[in-house]
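Q: The structure is given below, and queries will be raised subsequently.
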Amino acid sequence: MVDRRIDLPQGTLDLLLLRTVALEPLHGWAISERIHQISSKVLFVQQGSLYPALHRLERKGWIQARWGTSENNRRAKFYELTALGRKQLELEESAWRRLAAAVAQILETT
Amino acid sequence: MLDDLVLRLRSLFHRNTVETELDEELRFHFEKQVSKFMQSGMAPDEAKRRAGREFGGMEQVKEEHRDARGVRFIETLLEDIRYGLRILSRTPVIASVAVLSLALGIGANTAIFSVMDAVMLRLLPVRNPQELVQVRVRTVKSGTEMNGYFTNPIWEQLRDRQDVFSSTFAWSENRFDLAQGGAVEYANGLWVSGGAFETLGLRPVAGRLLSAADDRRGCAGAAVISYAFWQDRYGGAESAIGGNLSLDGHLFPIIGVAPRGFYGLIVGTKFDVAVPICAIALFGKDSRLDGRSTWWLEIMGRLKPPTVPQQLKARLEVLSRQVFAAAVPLDWEKTERQEFLQRVLVGVPAPTGPSYLRQQMERPLYVLMAVVGLVLLIACANIAGLMLARGMAREKEMATRRALGAARGRLIRQLLTECILLSLAGALLGMLFARWGNAMLLRYISTGRETVFFDLSLNVRVLAFTAAVAVLTGILFGVVPAFRSTRVSLTSAMKGSRALGSDTRVRFRPGKWMVASQIALSLVLLVSAGLFLRSLLGLATLDIGFDRNSVLLVNTNLKAAKVVPERRLQVYDEVEAVLQKLPGVISVGRSWRTPVTGYEWNEYVSVDSPSAPKGDDSLVYFNYVSAGYFVTLHTPLLAGRDFQARDTNTAPGVAVVNEAVARKFFPGASPVGKTFRVVNGHTEAGPSFQIVGLAKDSKYESLREATFPQAFFPISQIPGNDDSEYFEIRTAPRPESLIAAVQNSVGQVNKGISLEFGTLAKQIGDSLVQERLLATLSAFFGGLALLLAMIGLFGALSYLVTKRRPEFGIRIGAGSYAGFDSAPGAAGSGDRAARRLGRGPMSCTRHRASAGKPAVRNVRTRFRNPNHCYPGARCCCLSCGLLSGAASDANRSDGGLAL
């Protein structure tokens, strides 16, 4: 198996987490799985950084946690986006798009 | 923000829940991962291993999560506290010695500070006390000295003319006798003008307070009582309102109760009852209302809010001219009237209320504060010693913890937390000590004639002070031991032996420093206690010109008995005759005033001699005494005769003078047979008196005075508008044992005579209350310091000895005698202690030099005076004893064991 994973650039983890829980409440494992799958197995969030990041976002009030039942009837902690988090997501998304576009432009023209 | 706070608090208070949830969340993740790997075809074991590898350390994730919770600081603190309590409870003796020393040190500081707070810092418990201004007066002569007393005419002028205060009031203190004859029962009274309570912004607890309408000339009188008086005397019953209160035999209706925290205006006293100024006419003292030379009222005002000091000054200056012009005493001489007109009213901010005690106690309080500060410092050094010794015992623990990766800062923090825990415990216990101490202190400074009262209830300032002292103390005694005991060499500590080659000199330094400074500090305290004791002893053994022992003092008052002025003398003669006959009575004297009460009556005296003293130099202090007075007090008459029955009020005026008068007015000649004239204040000519006797010098106002020139007149010639007289009774048994008999026999003459009892010895003792207070307290604290220093010395020395145990072991092993070996053990400390001992006297010398005496002489005085050398010598002996104790302890070290 060829490992095509790449490390996450600084500061993008928050954006990815917010984006992932924007659609529906998810528990930690599902969040990491979803990021892994949607990025075609390119991005992989280490558990060691996943949970501290989630708890940090929770403290900032961007996501909120709720205990619920998982697919196989186990108690799990689900994270969902708050109104504040949605605003933050929009901000970070547009910032990221502008950054990516700028970087791409530079790479193409030079 | 709020969410954040909620989450933080949650993780603080529901720590276990949060931890379990975290654990559960992580475990869920882990199991999900395992099952995913298993679905992709891995064997269970392999899946678990793989998941574990990917996951990283579960504990590390948790730790990071804990950091993210943001309550790390408090959590660590709680952990430290828990751990600290556990460690402290493992050495209960050391912990309780430390807590006890701290409680004594911090308690002493809290006690003195709360008195300081009550006397100097506390604002009056009234509305906006910072707006209150006391009105005082400055005369041309007095410069910056100001007088705060006014006549009623001045007060009425000021009240009606002023426009700078929103309102003003006047008051005066007075003692009322509540009993109607017999033994007196005094209440502290206040004369107040009608606007007093309103100006202060006070509301009644029950009934109503005095208003302007209650204070009109010719008023019937009304009384407002204090909350404490209401509780003590009436049990707080509503029915007290409307009842009557007898004040000096006059009945006053009680109209209301003042608010609870209001004890009056003057710090150091508390009022029981307040009556309007106009009511003084009911006591037959009309002269007070119209007297233009009767200075008895004090005045306060509440500033109109935007008034600035300059405005106040300007307005009062303008007001002064009008007020003094309208109230000038008409019987004064021209020059004096002119001086009177130039007086200026001054406003002094008085948010803490006026206090005579404040001026008197300010310096003693600063001295005591310094003393207790030193005591606390000694306690700190003490505990630092204990902590160092304990730190040695924990060296291995520290090394282990360092080896396991604890940062040194973290260890120091934990040790400091332990120390602060100790000092907080000490502070709690200390506050208890402070309460007892203060109650004792108040009883101690209250004298027979005046009860001192401070509102010593806890307030934020005192609590903050104590807390700050506790924390600072904890840091102070904790820092050195914490740094030292965490500076461990890991290898040698783990090997279980301390390197013998390590530089002992460096390692011993803090211990030596502490031993020496403790001795020096406690020596300073003991020496100053010696000085205070000496000055008290000096005053107590002074030749005062009379014999204070076995004299019962009885103050009799005819106010309540309603005896007409013409019959007073006769009644007093009857009382004297009755008392003479009592068994146990040796002799009876009578006088208008008794000596050493701080009371004085003086007039200018002139004699027919060109070289006679003039002006203030010619002041003589007067008293009226009976024929038995000198005999009773054992004041010898050196020439001439005592008063006799023929010196009646119709006979020519005679006087007995003391040696000071003779020296001053009749140098080189006998005064007996000469005459002098009393220059009555403001008129030139006054009555003339012939001197019939010369008495030995005796003290008049206080023991500290350079004996005043005094003249005594026969009490039978007293002009007679005072209804009170003193009886001095020299008794064979204890004076107090005659009180009941005296009360009984005076009652046979007239039941309405009020009686107040005391002894001359107590009266004189009371006049030394300040000296006695300083001497006793500094001796007490000096003793306390010594005790603490002894404990500390022992602790510090056993620390030193433990440190050098291997060395002693080697020495003994190498054949040194135990006795011989105690020399180096003690010498190191003894040498240092001796040097510090030298330093103690030096600071003593400085102490005395600051009193303005040349230092060289002081050293000589010091050694000539056994009083001063005593504490030093005692300290020396004690430290030698301790050193030898610790040294012999060192020698007991068994060579093999120590190595």
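Please treat every number below as a calculation from the coordinates, not as lab data. Quantities reported herein were computed from a predicted structural model and do not represent experimental measurements. Using ideal geometry, Cβ is built from the backbone for each residue, glycine included, and neighbour counts are taken over all protein chains shown.
Q: How shielded is B:21-27 by partner chains, expressed as the average number of their Cβ atoms within 10 Å of its Cβ atoms?
A: 4
Q: Right, next: If you build a Gaussian network model of chain A, linking Cα atoms that sit under 10 Å apart, which residue out of A:13, A:50, A:84 swings the most?
A: Residue with maximal mean-square fluctuation among A:13, A:50, A:84: A:84.
Q: Of B:723, B:290, how do they rank once you tally other Cβ atoms within 10 Å and put the fewest first?
A: Arranged by neighbour count, lowest to highest, B:723, B:290 become B:290, B:723.
Q: Can you tell me the relative contact order of the stretch B:129-351? Whole percent, Cα pairs under 8 Å, sequence separation 6 or more.
A: After rounding, I find 35 percent.
Q: Further question: Scan around residue B:352 for amide H atoms under 5 Å from its own, H built in the peptide plane at 1.01 Å from N, and keep only partners 5 or more places away or cross-chain.
A: B:124
Q: Still on this model: Taking Cα atoms, how many degrees apart are the long axis of helix A:47-60 and the longest axis of chain A, rounded to 10 and kept between 0 and 90?
A: 80 degrees
Q: With a/c under 1.5 counting as rounded, go ahead and sort the stretch B:551-761 into rounded, prolate or oblate using the C-alpha gyration tensor (a ≥ b ≥ c being the square roots of the eigenvalues; past the cut-off, prolate if a/b is larger than b/c, else oblate).
A: Cα axes put the stretch B:551-761 in the prolate bin.
Q: What does the charge add up to near residue B:261, with Lys and Arg as +1, Asp and Glu as -1, over the other residues with Cβ less than 13 Å from its Cβ?
A: My count for the surroundings of residue B:261 gives +4.
Q: For the stretch B:760-771, just list the computed ³J(HN,Hα) in residue order, Karplus coefficients 6.51, -1.76 and 1.60, θ = phi - 60°, integers in Hz, with x standing in for Gly and Pro.
A: 5, 4, 5, 4, 6, x, 4, 6, 9, 4, 5, 4
Q: Now for a separate question. Going through the stretch A:35-86, which GluC sites (Glu not before Pro) have at most 15 other Cβ atoms within 10 Å and a DSSP loop state?
A: Passing sites in the stretch A:35-86 are A:71.
Q: Neighbouring Cβ atoms within 10 Å as the yardstick, rank B:73, A:44, B:532, B:808 fewest first.
A: B:73, A:44, B:532, B:808
Q: Turning to a different aspect of this structure: Provide, in order from the shortest bin, the percent of all Cα-Cα pairs of the stretch A:12-109 in each 10 Å bin, continuing until the bin that contains the maximum pair distance.
A: 15, 43, 30, 9, 2, 0
Q: Among the GluC sites (Glu not before Pro) in the stretch B:317-376, which ones are in a DSSP loop with at most 14 other Cβ atoms within 10 Å of the Cβ? Mind listing them?
A: Qualifying residues, ordered by number: B:333.
Q: Pairs B:562/B:696; B:270/B:699; B:559/B:696; B:141/B:614; B:614/B:696: which exceed 27 Å Cα-Cα?
A: Checking Cα-Cα distances, B:562/B:696; B:270/B:699; B:559/B:696 exceed 27 Å.
Q: I need B:398, B:514, B:58 ordered by Cβ neighbour count within 10 Å, fewest first.
A: B:58, B:398, B:514
Q: Let me make sure I get this right: for the stretch B:282-363, a, b and c are the square roots of the gyration tensor eigenvalues over alpha carbons, sorted descending. Under 1.5 in a/c it's rounded, otherwise prolate if a/b > b/c, else oblate. Which is it?
A: oblate
Q: So what J values fall out for the stretch B:613-628 if you push phi through Karplus, 6.51 cos²θ - 1.76 cosθ + 1.60 with θ = phi - 60°, rounded to Hz, Gly and Pro as x?
A: Rounded to whole hertz, the list is x, 10, x, 4, 5, 9, 6, 10, 9, 10, 7, 9, 9, 8, 4, x.
Q: Sum up the charges of everything whose Cβ sits under 9 Å from the Cβ of residue B:345, counting Lys and Arg as +1 and Asp and Glu as -1, but leave residue B:345 out.
A: Summing Lys and Arg as +1 and Asp and Glu as -1 gives +2.
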